[in-house]
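Asker: Got a structure for you, questions after.
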Amino acid sequence: MGRVVGIDLGTTNSVIAVMEGGRPVVIPNSEGSRITPSVVAFNKEGELLVGQMARRQAVLNPQNTYYGIKRFMGRKYSELSEASKRVPYTIRRDELDNIKIRCPRLKKEFAPEEISAMILRRLAEEAERYLGEEVTGAVITVPAYFNDSQRQATRDAGRIAGLEVLRIINEPTAAALAYGLDKRKNERILVFDLGGGTFDVSILEVGDGVFEVKATSGDTQLGGNDFDKKIVDWLADRFLEEEGVDLRKDRQALQRLTEAAEKAKIELSGVSVSEINLPFITATEDGPKHLEATLTRAQFEELCGDLVSRLRKPLQRALKDAGMTPFDIDEVILVGGSTRIPMVQDLVRSFIDLEPNQNINPDEVVAMGAAIQAGILAGEVEDILLLDVTPLSIGVETVGGLTKKVVPRNTTIPVRRSEIFSTSENNQTTVEIHVVQGEREMAADNKSLGRFKLTGIPPAPRGVPQIQVSFDIDANGILQVIARDKTTGREQSIVIQGASNLPPSEIERMIKEAEEFAQLDRQRRERVEKRNRARALADQAQRRLREVALDFGSQFANRYRQDIDNICKEILDALEKEDDRRLDKSIADLEDVLYELNREARLQYKQEEGEGFFESIKKTFMGDDEEEYDWRRQRQPNPRYGNRDYPANYSPRDNGDSYPSANPPRYKPEGGYRIGKKNLSIPYENDWDDDDDW
Ligand code: AMP
């Protein structure tokens, strides 16, 4: 079993953390950032991009760039609000009312779970690179208000990504876990989590290593994106009025507007005025049009007043459910990037009359808590007992389609509850148990979790048989419902692991496809690395030529120049024509020539430094048995490249490890070949086409 990590799979950003030395550590991605945008894209080569790379190209590729996918997880198309359907990519409803996301580039469709799996996979790969170990398991966080199918969809995403999802935990619970590590006294904590797409309020009791969630409430359709949309609408309405063009209808313009709106919003958390400039946002018959606007914090607060009001209700409800008043709260924790908005902080202050605790980085606290939970499961963290709650009430449908709640919302799990039911008709021998989840009175308005029948009830007048229905929820939130006829003892039960929107065969297919993607990805990366390596090698060869010319004179260098120049040309040509076989061959040839050059150069040094020293170096570099190479003999041109020969006993390509470790080959870049453009500088005078892989 490899490592188990904690993942905060966010609407806007995701973070991965792991326990190291008994403390949670956030793992930076290969771009050096501790948070990875939850954005997935397919570029024009059909290559998968995840994170900042995907986000950066979103404007130019809006239909193949997917963000905010968490809002679609585990939801039916018909459950979506009009606002959440307004995205620059295309979503559609399939025959089962499931959401499908179109990818014109690959000419295929994805389920939201598959897109999320791509984010999870990439995060796990980053962690593997960081840890140098395989990552096989994960604890993934979800908003406390997520229902069963949303949780199940998250679990499915993990499976598709090839991870064993050991636990799904609530984000505020994770935040409290991270927070509570340092806290040992009894406290009541309100976790106020406003991220990119969701809002959660949770009230927890923390102390003596025990966490208990007393109540949760929230809104799965409210987050920082809504604040962005307010600014987008404000800008677009103004533009429509002034120029008669609705920028929201142009996907690229909408994407640029959204990015500019978010930037302005973030700026307004620190300053009171933000300038928005979007040149060439569109063109009309009169020519190109530019968008320029100034947004003040006061204007922004006016635009978003209704959103802030919407934050109040879940706050009130959570307190009510916990049986508390604002005065009972000892500490307020802010989680999620949007809690940096001053008016949001003001709302919290005015509601609870406490200065919110901002000691913990609001972007990272959830992932850190998830890592701690992973540590608890792996036995690395002791003395913490995490008590979770049911996010929504669970019950059964009764006569007239009414819901009878058996396990109310916010009940601490694990839990076992039972109720006695009876028949509704005379001589009824079968009852159907319909398990539902939700707060609505009518069962049809709640989420159906499953149905099963209990048969063989002895005929009796209605209301006489006694059917005991027991609900058993374990620590993982897995529900077992048992119906038992008290007269006969007959029993029937079902286990509800979560309401997946995806049938098992679909999930299997998706797992296979994700693996294929990962393999394709690897091949692509290897190819890019090889191409970069070829360029770096050619550059090193030219540099080495200059060095030996300086050290031993141009006559020495000239013996290799023709070979090296020819092979470098060959490399350039193979790169341009994308001929990988020729590239492999040229790389190997250049390595051979360089090996020979370095070897001769070393002998030259030895010669210059005298025989005594020569003997000792000879032993180090060549071993005792190796025949001395006569560096003085003339090189003959290589028939293929015009100049090549080797010592009779030497076959460099067969002998990959022929460099003594104390003296690594100079043409191999230190630290290996990096694929990031930033890490590769190729100041070679030749006309490399620097951009063809990027
Ligand atoms: P999260 O889901 O926690 O990563 O939060 C992401 C959301 O926080 C996005 O909507 C961001 O625009 C928003 N955000 C990040 N930093 C700030 C800031 N300084 N002011 C306002 N919103 C922010």
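Asker: In region 531-569, what residues are out of contact with any Phe, Trp or Tyr (no Cβ under 8 Å at 6 or more places or on another chain) and of a type in the set (S, T, N, Q)?
Answerer: Matches in region 531-569: SER554, GLN555, ASN558.
Asker: Give me the pairs: first residue in region 503-523 and in contact (Cβ under 8 Å) with a residue 24 or more places away in the chain, second residue surrounded by 13 or more Cβ atoms within 10 Å (Cβ to Cβ) and part of a helix (DSSP H, G or I), beta-carbon distance under 6 Å, and six or more apart or on different chains, which are they?
Answerer: What qualifies is ILE507/ASP156; MET510/GLU114; MET510/ILE160; ILE511/ILE160; ALA514/ALA117; ALA514/ILE160.
Asker: Can PHE211 be described as among the aromatic types (Phe, Trp, Tyr), within 12 Å of the ligand (Cβ to nearest atom) and either modelled with pLDDT under 85 or in contact with a Pro (Cβ under 9 Å, 6 or more places away or on another chain) (or both)? Lay out the reasoning, then the answer.
Answerer: Numbers: among the aromatic types (Phe, Trp, Tyr): yes; within 12 Å of the ligand (Cβ to nearest atom): no; either modelled with pLDDT under 85 or in contact with a Pro (Cβ under 9 Å, 6 or more places away or on another chain) (or both): yes.
No: the conditions fail for PHE211.
Asker: How many of the residues making up region 498-539 are under 20 Å from LYS76 (Cβ atoms), surrounded by 15 or more Cβ atoms within 10 Å (Cβ to Cβ) and not hydroxyl-bearing (Ser, Thr, Tyr)?
Answerer: Number satisfying all stated conditions: 7.
Asker: Restricting the first residue to region 257-279 and requiring it to be in contact (Cβ under 8 Å) with a residue 40 or more places away in the chain, which pairs with a second residue that is surrounded by fewer than 18 Cβ atoms within 10 Å (Cβ to Cβ) meet a Cβ separation below 6 Å and a spacing of at least six or different chains?
Answerer: ILE276/ALA293
Asker: Determine if region 468-489 includes at least one residue that is farther than 30 Å from GLY218 by Cα, touching a helix residue (DSSP H, G or I) at 6+ places or on another chain (Cβ under 8 Å) and not in a strand (DSSP E or B).
Answerer: No: zero hits.
Asker: Need a quick list: helices (runs of 4 or more DSSP H) entirely within region 39-140 having at least 2 residues that are in contact with a Gly (Cβ under 8 Å, 6 or more places away or on another chain) and open to solvent by 10 Å² or more (accessible area, probe 1.4 Å). Step through it out loud before you land on a result.
Answerer: Numbers: elements: 52-56, 82-85, 112-131.
Fully inside region 39-140 and qualifying: 112-131.
Asker: How many residues are within 18 Å of PRO288 (Cβ to Cβ), within 16 Å of the ligand (Cβ to nearest atom) and open to solvent by less than 10 Å² (accessible area, probe 1.4 Å) if we restrict to region 236-263?
Answerer: 1
Asker: For residues in region 9-37 being within 9 Å of the ligand (Cβ to nearest atom) and open to solvent by 20 Å² or more (accessible area, probe 1.4 Å), which is farthest from GLU128 (Cα to Cα)?
Answerer: Top of the filtered list is THR12.
Asker: Right, something else. What number goes with the only condition from (1) crowded, with 20+ Cβ neighbours inside 10 Å; (2) within 16 Å of the ligand (Cβ to nearest atom); (3) not in a helix (DSSP H, G or I) that GLN221 does not pass?
Answerer: That leaves (1) as the condition not met.
Asker: Would it be correct to say that LEU278 is closer than 19 Å to THR12 by Cβ, away from the ligand (no atom under 16 Å from the Cβ) and within 31 Å of the chain's Cα centre (by Cα)?
Answerer: Values: closer than 19 Å to THR12 by Cβ: no; away from the ligand (no atom under 16 Å from the Cβ): yes; within 31 Å of the chain's Cα centre (by Cα): yes.
Considered against the rule, which asks whether it is closer than 19 Å to THR12 by Cβ, away from the ligand (no atom under 16 Å from the Cβ) and within 31 Å of the chain's Cα centre (by Cα), LEU278 comes out as no.
Asker: Would you point out which residue out of PHE280, PHE300 is of a type outside the set (Ser, Thr, Tyr) and open to solvent by less than 60 Å² (accessible area, probe 1.4 Å)? Full working, then the answer.
Answerer: On the way: PHE280 fails: open to solvent by less than 60 Å² (accessible area, probe 1.4 Å).
Unique residue meeting the criteria: PHE300.
Asker: Any chance you could count how many residues in region 420-439 are open to solvent by 60 Å² or more (accessible area, probe 1.4 Å) and touching a strand residue (DSSP E or B) at 6+ places or on another chain (Cβ under 7 Å)?
Answerer: Residues meeting the conditions: 2.
Asker: All but one of (1) out of contact with any Gly (no Cβ under 6 Å at 6 or more places or on another chain); (2) open to solvent by less than 10 Å² (accessible area, probe 1.4 Å); (3) over 24 Å from LEU247 (Cβ atoms) hold for ASN147, so report the exception by its number.
Answerer: (2)
The values are calculated or read from the model by the stated rules, or taken from the named source; none is laboratory data. In this text the structure is predicted, and so the values were computed from the model without any measurement. All Cβ positions, glycine included, derive from the backbone under ideal geometry; neighbour counts span all protein chains shown. Please note that ligands, DNA and RNA were not included when accessible areas were found on the heavy atoms of the full protein model with its side chains. Shrake-Rupley method; radii C 1.70, N 1.55, O 1.52, S 1.80 Å.
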